[in-house]
Amino acid sequence: MQYKSLFVLFVLTTFLSNAQSPMQVSSAEVSFVFIDDDVTGTLSGFSSSSTIDLDDLSNAKLMGSVNVESISTGNSIRNWALRRSKYFDAKTYPKISFESETIRTNEGNIKVVGQLTIKDVTKEVSFNFKKSDSQLVGTTALYSSDFGISIHNDRAENKVTVKIILHLKP
């Protein structure tokens, strides 16, 4: 009888340790590529209060923001210009923010659809995330001109790919 109790306790402990509990988004890395000009960059100053339970996405909510002033492209003159009123207008709009509306699995990935706000423009954007260890790695493509940031006159020439790495902790 004692062996059966120990076996049940072992099985229960193993099962519970393998079940995933809600995870907090502890930090993030945000990078982008401005396709037409092959310009890469990062944004930092990430803040979030998101919690996600990978076993039950029905109540998950991802939201966060980054500081526009932190934009870095490896060229200080370009960074300064991008922060000015002609482009991101960091003084008037200091944050870029995202808030999810739906989160669901899609062919083994996690699809997050939500509202992205850059400057005073809010648009629906869809990210495709993959879980990798204690990270969620998401990508999307958008057009900067849709958010009032027109580097070029032709919309197609304003395509930007965005990559977000969300670091998770229990």
- Every residue from the stretch 75-115 that is open to solvent by less than 50 Å² (accessible area, probe 1.4 Å) and either in a loop (DSSP other than H, G, I, E, B) or in contact with a Pro (Cβ under 9 Å, 6 or more places away or on another chain) (or both): Y87, F88, D89, A90
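Select from the stretch 39-61 the residues that are of a type in the set (A, V, I, L, M, F, W, C) and at pLDDT 95 or above and write down the one among them that is surrounded by the most Cβ atoms within 10 Å (Cβ to Cβ).
L43
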- Task: Could you look through the stretch 140-160, keep only residues that are surrounded by 15 or more Cβ atoms within 10 Å (Cβ to Cβ) and within 14 Å of the chain's Cα centre (by Cα), and pick out the one that is farthest from E29 (Cα to Cα)?
- Result: L142
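Looking only at the stretch 144-158, decide whether some residue is among the hydrophobic types (A, V, I, L, M, F, W, C), under 19 Å from D55 (Cβ atoms), free of Cβ contacts under 8 Å to residues at least 60 places away in the same chain and touching a Leu at 6+ places or on another chain (Cβ under 9 Å). Steps first, please.
We begin by selecting, within the stretch 144-158, every residue among the hydrophobic types (A, V, I, L, M, F, W, C); these are 147, 149, 151, 156.
Now drop any that are not under 19 Å from D55 (Cβ atoms), which leaves none.
The answer is no; no qualifying residue exists.
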- Condition broken by R104, with the remaining ones in (1) in contact (Cβ under 8 Å) with a residue 60 or more places away in the chain; (2) in contact with a Lys or Arg (Cβ under 9 Å, 6 or more places away or on another chain); (3) of a type in the set (K, R) satisfied: (1)
- Item | Selection status of S31, surrounded by fewer than 14 Cβ atoms within 10 Å (Cβ to Cβ), modelled with pLDDT of 95 or more and in contact with a Lys or Arg (Cβ under 8 Å, 6 or more places away or on another chain) | no
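The values are calculated or read from the model by the stated rules, or taken from the named source; none is laboratory data. What you see is a predicted model, and the numbers here were worked out from it, not measured in a lab. Cβ: placed from backbone, ideal geometry, glycine included. Neighbour counts: every protein chain shown. Only protein heavy atoms, including side chains, enter the accessible area calculation; ligands, DNA and RNA are left aside. Shrake-Rupley method; radii C 1.70, N 1.55, O 1.52, S 1.80 Å.
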